[in-house]
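The values are calculated or read from the model by the stated rules, or taken from the named source; none is laboratory data. Keep in mind that what you see is a predicted model, and the values were worked out from it rather than measured. A quick note on method: Cβ atoms are made from the backbone with ideal geometry, for glycine too, and the neighbour counts reach across all protein chains shown. Quick note on the areas: whole protein, heavy atoms, side chains included, nothing else; ligands and nucleic acids left out. Shrake-Rupley method; radii C 1.70, N 1.55, O 1.52, S 1.80 Å.
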Amino acid sequence: MKRFALKDYGPAKEVLIEIDSEPRLVDETHVRVELVAFAINPYDVALRQGAMRDVRTLKFPYVLGNDGAGIVTEVGKKVTHVKSGDEVIVHAIGGTYGEEIVVPGKKIVKKTAMMSWEVAAGMVTPWLAAYHLVTHLLGESIGETVMVQGASGAVGSLLVQFLKEQGKTVLASAAKRNESWVSQLGVDQFVAYDEADAGKIFADQADTVIDATKGGRAGEAGMQIMKTEGNFVALNELPKEQKKTGNYFSFGPAKEYSDFEALTALTKLADKLQLKIAEVLPFTLASVIEAHEKLEGHPAAGKIIIKKEK
């Protein structure tokens, strides 16, 4: 079985390798999935670079990847919600960079017929973040007006759509080049951060501000936009100095958040949701390396997906 793995921390060209692995056994609670597509995420890049080594130790060779989509080929006897032949969405602790994966049954759901393989694989982690942030981190305290900074990214764009489904007023910012994409998602007001100061334009308007920008670079404007005693949520780093009274949250995965719950919710909304796919690359080591190198820079909005040719 072909897989793409890390042999050490370091530059993509130096440490990403192709390996052959023996298939894992499937016990009564697990499912084997032949992967058709998997997504490359910024988190994968951080792991490869060693930026997470203080909180997560890797044993090399290590196969990266949390998000994928594929076809069920074997099912443990205690798993009843899928069967062999089903097309499914997968969220794994690691290991989706390969031809197949064995995961707990609670980590997969059936994909809808209308979802492409690319979108099914690309939506997993961004959707989990958007869903759990809105549903569990904030809940009713989110308020009626929400500002999404970085609204053109995968998480930001899904936040916009999920919030609009809930009837919220959504303010948004992104680069000017992404204005048409963000506007078609249904935002109520948009500011291009590279042309105007969103902090001044939207000052004191949002019950909740969500900073979904790469590297959390919009904190100052976000605090201006947040109402006093409002919520400020960062997907990356919180502002070093909290200049307005409010509730400040640094959002990340948590054990109490259920993948199965979130992915089931995704399937109910999936045919209404849009996800921008920046590029689909062939199932090769060269493609994985290329994707990692692109994510290290400032790529255009959209997910990079690795997909097998059928």
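Radius of gyration (Cα atoms) of segment 1-134, expressed as a multiple of 2.2 N^0.38 Å: 1.06. Could you identify which residue out of SER287, SER21, SER116 has the top mean-square fluctuation in a GNM of the chain using Cα springs shorter than 10 Å? The residue with the greatest mean-square fluctuation here is SER21.
In this Cβ point-charge picture (+1 for Lys and Arg, -1 for Asp and Glu), the chain has a dipole of about 340 debye about its Cα centre. For the set THR112, THR208, the ranking by accessible area, highest first and with no ligand, DNA or RNA atoms included, is THR112, THR208 under a 1.4 Å probe.
Determine, from the Cβ-Cβ distance of ASP188 and GLU309 and an R0 of 51 Å, the FRET efficiency 1/(1 + (r/R0)^6), rounded to the nearest 0.05. With a Förster radius of 51 Å, E is 0.75. Solvent-accessible surface of the chain, averaged per residue with a 1.4 angstrom probe and all protein chains in place: 45 square angstrom. The mean sequence distance of close C-alpha pairs (under 8 Å, at least 6 residues apart), as a share of the length of segment 156-308, puts its relative contact order at 15 percent. Bridge orientation summary for the chain: considering DSSP beta bridges with both residues in this region, about 55 percent are antiparallel.
For segment 198-283, the list of GluC sites (Glu not before Pro) that fall in a loop by DSSP and count at most 13 other C-beta atoms within 10 angstrom reads GLU237, GLU241, GLU256.
Could you identify which residue out of VAL79, VAL102, VAL170 has the top mean-square fluctuation in a GNM of the chain using Cα springs shorter than 10 Å? Looking only at VAL79, VAL102, VAL170, the largest GNM fluctuation is found for VAL79. Shape index of the chain: Rg/Rh, with Rg the Cα radius of gyration and Rh the Kirkwood radius from the inverse mean 1/r over Cα pairs, equals 0.98.
Taking the protein heavy atoms of the chain in the context of the full set of protein chains, the accessible area attributed to carbon and sulfur is 49 percent at 1.4 Å. Straightening the chain between THR267 and ARG53 buys 73.7 nm, computed as 0.36 nm per residue apart minus the Cα-Cα spacing. Beyond a 26 Å Cα-Cα separation, which of these cross-linked pairs lie in this structure: LYS164/LYS200; LYS111/LYS307; LYS59/LYS240? The pairs that break the limit, which is 26 Å between Cα atoms, are LYS59/LYS240. For segment 21-56, the set of trypsin sites (Lys or Arg not before Pro) satisfying both a DSSP loop assignment and a count of at most 12 other C-beta atoms within 10 Å is given as ARG53, ARG56.
Ranking LEU64, ALA206, VAL103 by how far each Cα lies toward the positive end of the dipole of the chain (charges on Cβ) leaves VAL103 at the top. The distance between label points at TRP181 and HIS81 comes to 3.0 nm (points 7 Å beyond Cα on the Cα→Cβ vector). When only the Cβ of Lys, Arg, Asp and Glu is charged (+1, +1, -1, -1), the dipole of segment 36-141 relative to its Cα centre reaches about 360 debye. Entry note, the chain: relative contact order of 18 percent, from Cα contacts under 8 Å with a spacing of 6+ residues. Restricting the GluC sites (Glu not before Pro) of segment 1-99 to loop positions (DSSP other than H, G, I, E, B) with no more than 10 neighbouring Cβ atoms within 10 Å leaves GLU28. Solvent-accessible surface of protein heavy atoms, probed at 1.4 angstrom with all chains present, puts MET1, MET223 in the order MET1, MET223, largest first. For a straight C-alpha distance cut-off of 16 angstrom, the lysines reachable from LYS77 (same-chain residues fewer than eight places away being disregarded) are LYS106, LYS107. Tell me which of PHE4, GLY150, ASN41 sits at the most positive position along the dipole axis of the chain, charges placed on C-beta atoms (Lys, Arg +1; Asp, Glu -1). The residue sitting most towards the positive pole is PHE4.
Debye calculation, C-alpha points only, no solvent: report log10 I(q)/I(0) for segment 83-130 at q = 0.19, 0.27 Å⁻¹, in the same order as the q values. Log10 of I(q)/I(0), two decimals: -0.64, -1.29. What's the center-to-center distance, using Cα atoms, between segment 235-268 and segment 1-64 in Å? Cα centres, segment 235-268 to segment 1-64: 25 Å.
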